[in-house]
Structure formats: structure tokens, C-alpha cells
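Handing you this structure, nothing more for now.
The values are calculated or read from the model by the stated rules, or taken from the named source; none is laboratory data. Just so you know, these numbers come straight off a predicted model, no measurement behind them. Cβ placement follows ideal geometry from the backbone for every residue including glycine, while neighbour counts extend to all protein chains displayed. These accessible areas exclude ligands, DNA and RNA; they are computed on the full protein's heavy atoms, side chains included. Shrake-Rupley method; radii C 1.70, N 1.55, O 1.52, S 1.80 Å.
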Amino acid sequence: MTARPMRGVVWAEFLMQVRRPAVWLVLLGLGVLSVTSLARVPFDVRARGADASVPEWAFLVQFVLPVGFGVLLADRYPRDRRLRVGELLRSAPASDTVRLCGKFLGAAAATLVPVALVYLVGLAWLVATYGDFVATALLALPAFVLVNLPGLLFVGAFSIACPIVLPVPLYQFLFVGYWFWGNILSPGDVPTLTDTWLTPIGGVAQVAFFPATLHRAEAHWSTVDGAASIALLLLLAGAALVAGLLVARWQQRED
Amino acid sequence: MTIRWRVRLELALVGPAALIAPGLVLLAFAGLGLLSGRPARLLTAGLETGVPLAAGLAGAALLADERALELQLSLPGGFRSAARWRLGLLAGAAALASLVGWGLASAAGLLAAWLPAVSPVVAQLTWLAPLALLGLAGPLLALVLRSRAAAAGVLTGGWLLAHALHDVALGTPALRAWFPFLTTYDPIAPDWLATRLVVLALGIGAGLLLGSLLRDGEWLLRSEDAP
């Protein structure tokens, strides 16, 4: 019963988001900076090959692009309220669960398109510079799925759910502050979540599943750690959406 | 319309969240500083990087969230007058929070370990220069890019990169000259004052450009956030 409305919501949200110039402008801009920094990373591909360079590039993509990803998703839910189309949407066949999940899936998938494009450009640069096309192609999808995707889904779920209760600029500020504090700051500087399972930047999965990686070679995460980190991120993403749905329903009753 | 009435009206439209956010940001940085045992550096980071980012994001949203934009544009002076009032009040709240935060932290001796080697008055450029730059760059980007989300993306992405790649920025003369967060990483740098003045000048330039763009209300009507 809900499959057809879900497909419709996902597709509509996908098209709305993928057609926004802001999505391409911000993510491709950040992508150019990421590709530029790729040229500065001291890859020793002859010694380590694509086993190291592909996951390292996946991590570089995950360093700053999720900030743009989250910021660009944050206004999706409040937009319906700002345009005063909430009551109209409630009269449509899709339930509020379908609408929220469809918004998350469609908008997140559309915002993933430029991220994936940036990832592919970096891979092309790696192949053009170092060769090793087959190994790079074989590692490209696993690295993206294990290092990037869980964190991006985590960021996407919170960026859809949190602005249901928080003003968008406040959420954007808290989100970028969290990203810097909880993913990039070294644990020696301040108390932080960096280098724990709960890091959507993907460092745990990178080290756990791609042991040849150069990044944080001193960290010794096992594949169990990597799987636990991914499971925890996806679980929290689901919890954020459920909490967002409950709050949205409560808000509708109060309206 | 009296000034007092206008101030009350615009304060209500800016909203309490945007007005108290700078103070809360400083409290959060102070708490993190006390937890880490490095309150001077974290408070400086709050003043120099946290409050300006909050002001920039709030400023971008203020310009984009005007629901009576067409009505505003039909009035003498257009939207420019209201935008000036709101951005001015926002900047005033951020400046007040920074001054009070600086004063309280100095009185408690919390800032002494991370102060620039200049007089206390000149040292206020620590927060004033980046506040001018980021606080005005946010609304300027929202206007130029015709999107609040794009402005927020550029502002937050740039903020994060400035922190994450500060070593590269500080080692590259062309970037160091206008690096907005120098005090957080090198408070006793010999070129501290010169770079603060460059950052302040860039902020003033952004403000002048913003003022001239606000004369043309059509920019706002073509925004993706337009009502």
C-alpha cells in the first residue's frame, strides 16, 4: 500500500534537490578543494598501491563534504512549513512516515550525486597519475560504501530530523561545530568523540577494512570495530528519523 | 516611528535565538576549555571563530527569511533599511557578548595565557575583525548566491577548512595575510596586527558590497528562499 506513495515522494524530493544550483555549487566547490588536497597527500602508491590510495581518497572526501551535505539537507523539512504546504501534503495519500522517510531518501540520494561525482573525479586522477586501473575500480565501490556511505546517511538523517525542532541556522552551527569537535579535533586537545566508533568521518571503517591505509596507521581497529561503528551509525540514523517523526506528529496535533 | 519602537520591533523580528546564540556559544567554548584544562585558548577560539560563524549563519538566514519581502520592496528605501537594522542588531548582540565574555574572562584571569602582544583595546580585534568578515560575508553570500543554504554551505565549509588546514594557511603568505583565525593558533605572531587589519578591511568591503546589492531588491526576489 505504501510502496507507490513512497516511490512518488522519493522521486519528487530527489528531483527538487538535484535541481538546486546550491547543491552543485557548494559540493563541487568543496570537492575542488578536496581534489586539490589529494595531490598533496604523500601517497606512496608504488609501495602500497590502490589498496592504500583509494580508501585514503574516500576518507579525504569524507573530511569536509559531509558538512556541505548536512547543511544542504537541513532546510528540506522546514521548507514545507515555510511554504505552508503541510496541510496540503497531509491530505495526500502518503502517510507522515512515508513523507519523512521519502524526504530523507530522495533528498539524501540527490545530494549524494555531486559527492559521488567528486569521488569519481579523484579516482580518475589517481588512475591517471599512478595507473593501476583494475585495482582502483575494484576498490572504488567497497571504499565508498564502507567509509563514506554510513557517515553520510547518519549526517543526512540528523539533518532532516533535527531542524524539525531546531531553527535551521542553529542546527547548521551546531552541526559544523560537532563535525569539527567530534571528528577532526585530536583527542589529546580536548575531550572528543574522535577515534571512537561514533565517528561518521569514516576513519574507523577505513583502518578496519583497508589495513594498507596510510591514514592513522597507528590506530589498530579490527573488522569487528569497523562493523560495530557502521552499525552504530546506521542505528542512530534510524533513531533520529523515528524521533523526528514522533516530534513532527506531536507538532501536527498542536497546530 | 520612534527609534525605540523600531528597535523593539526589529529585535522581535530578529528573534531571541539569534540574539542569545553568541553568549551560548561562548559558554560552550568556556565549558570545553575548562574540561580540557586550556580555557584561554578555547575561549579565544570561541571569541574568534565561534561567535563570528554564528553571526554569519544568522545573518544569512535573516535576509532570506523576510516573509513580507514584496511589501518591504514596495516601501521607500526598499528592504535595505530593515536589513540594516536587523544585521546591526545581530552584530551588536554578538559584539556585546564578545565584549562581556572578554571582560569576564580577563577579570577571572582565564585569557592571560593566550593574549596577543598588544594593548587590551587593540586586542579586541581578536573578535572584531573575524566578526566583521564572517558576520557580513554570510548575508553577502546569501544575496550573491541567491540561496541561504548555499551561503551556509560556503561559510561552514570555509570555516572547517580554515581550521583543518590552518598549518597550510599559516605557512602560505597569500593565505596568512587574511587568515581570520590567527589568534587561535598563533596569538603572538609578529604580523598579528597587520593581518587583523586586513581581515577587518575585508569585512568592511563585504559590508559596503552588501549595502550596494541591497539597493536592488530584485536580487532577493530571485532567491530560492523567496516567499
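Given C-alpha coordinates of segment A:85-202, what is the ratio Rg to Rh with the Kirkwood estimate of Rh?
Over the Cα atoms of segment A:85-202, Rg/Rh equals 1.07.
Then there is this: With helices defined as uninterrupted DSSP H runs, which ones in chain A have an alpha carbon span along their own long axis of at least 20 Å and mean Kyte-Doolittle hydropathy of at least 1.6?
A:21-38
Rounded to the nearest 100 Å², what is the sum over both chains of accessible area buried where A meets B, with a probe of 1.4 Å?
Accessible area lost upon association: around 2500 Å².
Explain nothing, just the number: dipole magnitude of segment B:47-93 about its Cα centre with +1 on each Lys and Arg Cβ and -1 on each Asp and Glu Cβ, in debye rounded to the nearest 20.
Using only the charged Cβ atoms, the result is roughly 140 debye.
Sticking with this structure for a sec: Using Cα pairs closer than 8 Å and at least 6 residues apart in sequence, work out the relative contact order for chain B, in percent.
Relative contact order here is 28 percent.
Roughly what would the spin-label model give for B:A117 and A:D189, points 7 Å off Cα along C-beta, in nm?
Distance between the two pseudo-spin positions: 2.4 nm.
Against the longest alpha carbon principal axis of chain B, how many degrees, from 0 to 90 and to the nearest 10, is the axis of helix B:16-36 turned?
Rounded to the nearest ten degrees, it is 20.
While we're looking at this one, here's another question. Given Cα pairs under 8 Å that are at least 6 residues apart, what percent is the relative contact order of segment B:159-227?
In percent, rounded to a whole number, it is 20.
Distance in nm between label sites at B:A201 and A:L117, each 7 Å beyond Cα in the beta-carbon direction?
3.7 nm
Hey, got the dipole for the protein assembly as shown? About the Cα centre, +1 on K and R Cβ, -1 on D and E Cβ, debye to the nearest 20?
So the dipole magnitude of the protein assembly as shown works out to roughly 1180 debye.
Please give the charge dipole size of segment A:78-213, origin at the Cα centre, charges +1 on K and R Cβ atoms and -1 on D and E Cβ atoms. Round to the nearest 20 debye.
So the magnitude is around 640 debye.
Find me the longest stretch of chain B that has none of the exposed trypsin sites (Lys or Arg not before Pro), where exposed means in a DSSP loop (not H, G, I, E or B) with at most 14 other Cβ atoms within 10 Å.
B:68-214
Something else about it: Under the definition of Cα pairs under 8 Å and six or more residues apart, what whole-number percent is the relative contact order of chain A?
27 percent
Sticking with this structure for a sec: Do the sum for the protein assembly as shown: with -39,500 (n - 2.57) for every DSSP H run of n ≥ 4, divided by all residues, what is the mean residue ellipticity at 222 nm, to the nearest 500 deg cm²/dmol?
-23500 deg cm²/dmol
Which angle from 0 to 90°, rounded to the nearest 10, does the C-alpha axis of helix B:80-107 make with the longest principal axis of chain B?
That helix lies at roughly 20 degrees to the long axis.
Enter the Cα centre distance for the pair segment B:132-188 and segment B:47-100, rounded to the nearest angstrom.
If you average the Cα positions of each part, the centres end up 19 Å apart.
Could you identify which residue out of B:V25, B:V14, B:V118 has the top mean-square fluctuation in a GNM of chain B using Cα springs shorter than 10 Å?
Between B:V25, B:V14, B:V118, it is B:V118 that shows the largest mean-square fluctuation.
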